[in-house]
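> Take a look at this one; I'll ask things after.
The values are calculated or read from the model by the stated rules, or taken from the named source; none is laboratory data. Nothing here was measured: the structure is a model prediction, and the numbers come from that model. Cβ placement follows ideal geometry from the backbone for every residue including glycine, while neighbour counts extend to all protein chains displayed.
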Amino acid sequence: MSAIAEALDHLHNAYTEPIRDPLWHNIDLSPELMRIVRERAFQKLGGIKQLGPAYQVYPGATHTRLSHSLGVFHLARRVMIALLRSDPSVDLSVEGVKAFLCAALLHDLGHFPFAHSLKELPLKEHERLAAEQIVDSPLSETIRSALGVDPGLVAGIVDTQLPLAGAEVSFFRGILSGVLDPDKLDYLNRDAYFCGVPYGVQDTDFVISRMRPHRTWGIAVDAQGATAVENVLFSKYLMYRTVYWHKTVRVATAMIKKAVYLDLREGLVKPESLYGLDDVEFFARFSALKGPGGELIRRVSERNLLKTASEETFAPGDGVHGGLLDLDTRAERERLIALRLSRELGVRVPPESVIIDIPEPISFEVLVPIVASAGEERFSDSDSVFRDPVVEGFGRTLRKVRLMLPADVAPRVRNPDELIRTR
């Protein structure tokens with residue numbers, strides 16, 4: 001039996017343990033992966049909401065990193081079957097396929113609450129934390145003994161910052177992290193499902209059927225598959241516009257980020273105290289802290305949120321906007337705004353209750369090849385309206401600089417747009 005035939009036989013026949021999922025219905029795991037799912041480190045993901053505070057706007061958005069991780073594994077298995085069927089000449093080992101599927105299952109293992117919202121803070125990336133757990137925890141021995149796979153191979157697929165260990169790892173990285181990766185296909189569909197919105201829904205069967213293996217990028221699509229890329233790009237834009245960066249979600253997110261920033265700056269917590277927490281533990285630990293950070297966390301948990309007083313499109317070339325990307329500079333500007341408002345309104349406005357929110361940069365990846373009988377071309381060079389300038393415009397349109405103030409203060413402020421620019 002050839003290596004590809006052996007890999008396909010494994011993919012079709014080794015996954016016999018079903019888990020019910022509201023989105024994908026049956027997710028079939030192997031008995032060996034079921035052992036990994038039962039590990040405490042993986043089960044911990046069941047206590048971390050996939051969309052952080054978005055449930056305060058969309059009450060159904062209480063799905064977890066655990067259910068998302070199972071979904072990513074499910075789609076990764078389907079993608080791998082489709083790729084091997086479309087091109088039997090791909091040189092992959094059964095061990096590599098097992099490692100890839102294990103990586104898909106464990107790709108979010110290092111997630112802590114609100115990790116994506118705290119990227120600007122001096123914290124480890126969740127991929128690095130996942131890789132560390134995979135190679136240096138009780139989980140490592142389970143991967144080795146149950147799957148017969150080197151944990152280092154799994155970690156190398158999850159964390160792209162680790163030294164590259166061969167062409168197979170590079171290929172799997174391209175599949176797990178790209179334009180049409182299983183991660184994106186699951187979270188867009190899953191988030192839309194639980195938020196009750198149509199914007200993220202993908203024609204997943206069609207997408208996977210148009211995929212082809214590509215040594216450099218992991219995944220390519222045929223000419224018909226270009227519409228799938230367009231759907232993902234526009235869906236991602238709409239989900240950011242309506243869900244991920246909804247203005248109320250941004251307020252709650254900004255309050256959490258400022259709370260953790262203040263607690264880290266004051267030495268009340270260390271970065272390591274965040275790692276390994278679930279949502280309940282995060283709110284219990286951080287809301288108990290004395291000081292402004294604890295108060296902000298308590299207010300978020302009670303949905304006693306700040307209000308958006310002003311909003312403008314982020315301009316990277318603007319001297320004021322650009323300078324505020326530095327968190328310390330931003331905190332100082334917030335302090336000065338609080339002093340000015342306290343003086344002008346005759347009430348005390350605490351510095352921690354003034355927040356300038358600037359979302360992190362967002363990318364809309366288009367680096368996927370379109371393969372056809374006539375040859376190969378970049379998606380951005382294909383016959384699509386989503387050219388580079390259009391895609392870059394998505395990010396510019398979404399990224400807003402917002403000034404957030406206490407609910408009883410915001411209506412009393414005249415010309416709030418000027419406050420951010422006042423030194």
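> Take the residues of the stretch 45-57 that are of a type outside the set (Lys, Arg) and touching an Asp or Glu at 6+ places or on another chain (Cβ under 9 Å): which is surrounded by the fewest Cβ atoms within 10 Å (Cβ to Cβ)?
The residue in question is Gly46.
> Shifting gears a bit: Return the residues of the stretch 223-243 that are touching a Lys or Arg at 6+ places or on another chain (Cβ under 7 Å) and either at pLDDT 95 or above or surrounded by fewer than 16 Cβ atoms within 10 Å (Cβ to Cβ) (or both); say none if nothing qualifies. Before you say what the answer is, go through the steps one by one.
Our first condition is that a residue be touching a Lys or Arg at 6+ places or on another chain (Cβ under 7 Å); within the stretch 223-243, this holds for 224-225, 228, 232.
Correct list: Gln224 only.
> For a quick check of your reading of the model, give me the residue pairs whose first member lies in the stretch 115-129 and is on the phi < 0 side of the Ramachandran plot and modelled with pLDDT under 95, whose second is of a type in the set (A, V, I, L, M, F, W, C) and surrounded by fewer than 16 Cβ atoms within 10 Å (Cβ to Cβ), with beta-carbon atoms closer than 8 Å and at least 6 apart or on different chains.
No pair meets every condition.
> Let me ask something else about it. Can you report the number of residues in the stretch 140-164 which are surrounded by 22 or more Cβ atoms within 10 Å (Cβ to Cβ) and either in contact with a Cys (Cβ under 7 Å, 6 or more places away or on another chain) or aliphatic (A, V, I, L, M) (or both)?
Result for the stretch 140-164: 7.
Okay, residues lined up against (1) of a type outside the set (A, V, I, L, M); (2) not assigned by TED's automatic domain parsing to the domain that holds Ser170:
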residue	(1), (2)
Val221	no, no
Glu230	yes, no
Phe234	yes, no
Tyr237	yes, no
Tyr240	yes, no
Arg250	yes, yes
Thr253	yes, yes
Ile256	no, yes
Arg265	yes, yes
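> For residues in the stretch 130-168 being in contact with a Phe, Trp or Tyr (Cβ under 9 Å, 6 or more places away or on another chain) and modelled with pLDDT under 95, which is nearest to Arg38 (Cα to Cα)?
Leu139
Yes/no per residue for (1) in contact with a strand residue (DSSP E or B) (Cβ under 9 Å, 6 or more places away or on another chain); (2) more than 14 Å from Leu101 (Cβ to Cβ); (3) not assigned by TED's automatic domain parsing to the domain that holds Glu141:
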| position | (1), (2), (3) |
| --- | --- |
| Ala7 | no, no, no |
| Leu11 | no, no, no |
| Leu29 | yes, no, no |
| Glu32 | no, no, no |
| Val37 | yes, no, no |
| Arg40 | no, yes, no |
| Gly47 | yes, yes, no |
| Pro53 | no, yes, no |
| His63 | yes, yes, no |
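> Within the group Leu324, Leu398, Leu367, Leu345, which residue is in contact with a Lys or Arg (Cβ under 8 Å, 6 or more places away or on another chain), within 16 Å of Val251 (Cα to Cα) and outside the structural domain of Arg250 (by TED's automatic domain parsing)?
Leu398
> So, one more: Take His107 and tell me if it is crowded, with 24+ Cβ neighbours inside 10 Å and either aliphatic (A, V, I, L, M) or in contact with a strand residue (DSSP E or B) (Cβ under 6 Å, 6 or more places away or on another chain) (or both).
Judged against the criteria, His107 is not a match.
> Another one. Touching a residue at least 40 places away in the same chain (Cβ under 8 Å), under 20 Å from Val243 (Cα atoms) and part of a helix (DSSP H, G or I) - does that describe any residue in the stretch 196-212?
No - not one qualifying residue is present in the stretch 196-212.
> Further question on the same structure: Scan the stretch 298-312 residue by residue and report those that are farther than 17 Å from Thr248 by Cβ and surrounded by 16 or more Cβ atoms within 10 Å (Cβ to Cβ).
Arg298
> Additional query: Looking only at the stretch 313-322, count every residue that is over 26 Å from the mean Cα position of the chain (by Cα) and either among the acidic types (Asp, Glu) or exposed (fewer than 13 other Cβ atoms within 10 Å of the Cβ) (or both) and tell me the total.
3
> Has the stretch 306-322 got at least one residue that is within 30 Å of Gly47 (Cβ to Cβ), among the aromatic types (Phe, Trp, Tyr) and in contact (Cβ under 8 Å) with a residue 12 or more places away in the chain?
Within the stretch 306-322 (the criterion being within 30 Å of Gly47 (Cβ to Cβ), among the aromatic types (Phe, Trp, Tyr) and in contact (Cβ under 8 Å) with a residue 12 or more places away in the chain), the answer is no, since none of the residues qualifies.
> Got a number for residues in the stretch 79-120 being in a loop (DSSP other than H, G, I, E, B), in contact with a Lys or Arg (Cβ under 8 Å, 6 or more places away or on another chain) and within 20 Å of Val179 (Cβ to Cβ)?
The number of residues fulfilling the criteria is 2.
> Report yes if some residue within the stretch 271-288 is surrounded by 15 or more Cβ atoms within 10 Å (Cβ to Cβ) and more than 16 Å from Pro113 (Cα to Cα); otherwise report no.
No - not one qualifying residue is present in the stretch 271-288.
> Tell me the residue from Val391, Val385 that is of a type in the set (A, V, I, L, M, F, W, C), surrounded by fewer than 17 Cβ atoms within 10 Å (Cβ to Cβ) and not in a strand (DSSP E or B), please.
Answer to the selection: Val385.
> Also, quick follow-up: Looking at the stretch 404-419, is at least one residue within 27 Å of the chain's Cα centre (by Cα) and either acidic (Asp, Glu) or not in a helix (DSSP H, G or I) (or both)?
Within the stretch 404-419, one or more residues are within 27 Å of the chain's Cα centre (by Cα) and either acidic (Asp, Glu) or not in a helix (DSSP H, G or I) (or both).
> How many of the residues in the stretch 213-240 are touching an Asp or Glu at 6+ places or on another chain (Cβ under 7 Å) and part of a strand (DSSP E or B)?
Adding up the residues that qualify gives 1.
> Tell me the helices (runs of 4 or more DSSP H) entirely within the stretch 132-189 that contain at least 1 residues that are touching a strand residue (DSSP E or B) at 6+ places or on another chain (Cβ under 7 Å), closer than 24 Å to Ile219 by Cβ and assigned by TED's automatic domain parsing to the domain that holds Arg210.
Numbers: elements: 138-142, 151-158, 167-176.
Per the criteria, 167-176.
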